[in-house]
1. Considering (1) hydrophobic (A, V, I, L, M, F, W, C); (2) crowded, with 20+ Cβ neighbours inside 10 Å; (3) within 22 Å of residue 165 (Cα to Cα), say which one residue 231 fails and leave the rest.
2. Could you grab me the full set of residues in the range 203-228 that are surrounded by fewer than 19 Cβ atoms within 10 Å (Cβ to Cβ) and among the charged types (D, E, K, R)?
3. Check the range 246-261 and report whether any residue there is out of contact with any Gly (no Cβ under 7 Å at 6 or more places or on another chain), open to solvent by 50 Å² or more (accessible area, probe 1.4 Å) and among the β-branched types (Val, Ile, Thr).
4. Can you find even one residue in the range 184-206 that is polar (S, T, N, Q) and touching a helix residue (DSSP H, G or I) at 6+ places or on another chain (Cβ under 8 Å)?
5. Going residue by residue through the range 271-278, is there one that turns out to be closer than 30 Å to residue 148 by Cβ, of a type outside the set (D, E, K, R) and either modelled with pLDDT of 95 or more or surrounded by 14 or more Cβ atoms within 10 Å (Cβ to Cβ) (or both)?
6. Quick check on my filter: what residues within the range 142-178 are within 22 Å of residue 202 (Cβ to Cβ), among the β-branched types (Val, Ile, Thr) and touching a residue at least 24 places away in the same chain (Cβ under 8 Å)?
7. List the helices (runs of 4 or more DSSP H) that sit entirely inside the range 196-278 and contain at least 1 residues that are under 24 Å from residue 178 (Cα atoms) and free of Cβ contacts under 8 Å to residues at least 12 places away in the same chain.
Amino acid sequence: MKAYSTREVAELLGLSTARIHALVRSGAVTPQRDSRSRPSFSFQDIVLLRTAKGLIDAKVPARRINKALQALASQLPTDRPLSAVRVQIDGDRVIVRDNNSSWEPESGQTVLDFSIRELGEKVAPLARDSVQRALRAASTTDDLFQAALESEQIGANAEAEAAYRNVIFAEPAHIAAHINLGRLRHVAKSLDEAERLYRRALEIEPNHPTARFNLGVVLEDRGATSEAIEAYREAERLDPKVADVHFNLARLYQQTGDQQAALRHFSRFRALTRDRTD
């Protein structure tokens, strides 16, 4: 597995070498050492250091950063690829998300927004009524599609799926309905149907970057790494400024051992996200 030098990591993340050495000395990051006792950073170490940079940018105190990174390091998965998780900075908090939950490494507490969930539970019956009225009374597919979007917004996914299916029945070439229904089926872990819907969307519009990217995600979730890379590369060709495309490619190339390609895409991801925050 490719190891990265302190200089490479500094250039990649925009951290000073002094800051990286300080984080290593504090024990927040514990890279392996090469034959000359120099730090050799793994991709997981880079994830930790990227988190550190986000906390530094948020002006979180150094002691708190070290505590957060130590907690995060102990909770990153070792039994599955890092593609299974997302690490995000929310104010001065570190939040880890996977396919099933979100939690704060420092406290170990699951992150839930009860107010939104409870609101969704209360409003869902109204959404069901709205969708049913739209299904009965809509004179255009636009009405049905709008009802589906509104249902999604409050978490009434079953009603949204029904509306999207009716849109597709009425207008088989409605690409957005295919993509949105595919995403809902993907969330429901119906990967076969999600893939079929994304591929159908690409038959309608072969150069649709969102459909191509979503296809890459579902292929990755199915373990079809080489096909996922191909889909992401095509998504990159269609829209090279989508940061998530480069991050996903970096992860997959790192998994497959193509460290040069992983570094190239991670650098591009960093440049795009830096431009977005400048």
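The values are calculated or read from the model by the stated rules, or taken from the named source; none is laboratory data. Computed from a predicted model, the values in this text were never measured in an experiment. Note that we place each Cβ from the backbone using ideal geometry, even for glycine, and neighbour counts take in every protein chain shown. Heavy atoms of the whole protein, side chains included, go into the accessibility calculation; ligands, DNA and RNA do not. Shrake-Rupley method; radii C 1.70, N 1.55, O 1.52, S 1.80 Å.
1. (3)
2. Within the range 203-228, 203, 205, 221, 222, 227 meet the criteria.
3. The answer is yes, given that some residue of the range 246-261 is out of contact with any Gly (no Cβ under 7 Å at 6 or more places or on another chain), open to solvent by 50 Å² or more (accessible area, probe 1.4 Å) and among the β-branched types (Val, Ile, Thr).
4. Of all residues in the range 184-206, those polar (S, T, N, Q) come to 190.
Narrowing the set further to residues that are touching a helix residue (DSSP H, G or I) at 6+ places or on another chain (Cβ under 8 Å) leaves none.
Among the residues of the range 184-206, not one is polar (S, T, N, Q) and touching a helix residue (DSSP H, G or I) at 6+ places or on another chain (Cβ under 8 Å), which makes the answer no.
5. So the first thing to find is which residues in the range 271-278 are closer than 30 Å to residue 148 by Cβ, and the list is 276.
Of the ones still in play, those that are also of a type outside the set (D, E, K, R) are none.
Taking every residue of the range 271-278 in turn, none turns out to be closer than 30 Å to residue 148 by Cβ, of a type outside the set (D, E, K, R) and either modelled with pLDDT of 95 or more or surrounded by 14 or more Cβ atoms within 10 Å (Cβ to Cβ) (or both).
6. 167, 175
7. On the way: elements: 209-221, 225-238, 243-256, 259-277.
Here the list reads 225-238.
A quick yes/no check of all residues on (1) modelled with pLDDT of 80 or more; (2) open to solvent by 40 Å² or more (accessible area, probe 1.4 Å); (3) aliphatic (A, V, I, L, M):
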| position | (1), (2), (3) |
| --- | --- |
| 16 | yes, yes, no |
| 21 | yes, yes, no |
| 35 | yes, yes, no |
| 43 | no, no, no |
| 68 | no, no, yes |
